[in-house]
């Protein structure tokens, strides 16, 4: 039996829950977990190196790299194929306390 995953720490729950392409028919949807969005935010928006970002999420650098790699793949799939991108689910806790969430990814999401 595998060890349960520890929650990844995020700065807050996202205020935007979905991105939908305009002007083209939607060809499906993909799910991005809250911790995957946090990894993209820390690396691509805040421009942190992986070691610093991993420390903030309280995971190893290698685990952070896997989360980021999966997140970028999901975002790329949505952009290239015209799929809706929804943000929900995951296994996360708020930095500095707050609520914890441990949930699935829905039908369309991938689990790593």
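The values are calculated or read from the model by the stated rules, or taken from the named source; none is laboratory data. This structure is a prediction, so every number in the text was calculated from the model and none was measured. No Cβ is skipped: glycine too gets one built from the backbone with ideal geometry, and neighbour counts run over all protein chains shown.
Laid out as a table, the results:
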| quantity | calculated |
| --- | --- |
| Among (1) buried (at least 17 other Cβ atoms within 10 Å of the Cβ); (2) modelled with pLDDT of 95 or more - the single one residue 69 does not satisfy | (1) |
| Answer residue from the stretch 72-95, given it is at pLDDT below 95 and out of contact with any strand residue (DSSP E or B) (no Cβ under 6 Å at 6 or more places or on another chain) and is nearest to residue 26 (Cα to Cα) among those | 82 |
| Complete set of residues in the stretch 1-21 that are more than 27 Å from residue 43 (Cα to Cα) and at pLDDT 85 or above | 2 |
| Scan of the stretch 31-66 for residues that are in contact (Cβ under 8 Å) with a residue 40 or more places away in the chain, more than 17 Å from residue 15 (Cβ to Cβ) and buried (at least 20 other Cβ atoms within 10 Å of the Cβ), ordered by number | 31, 57, 59 |
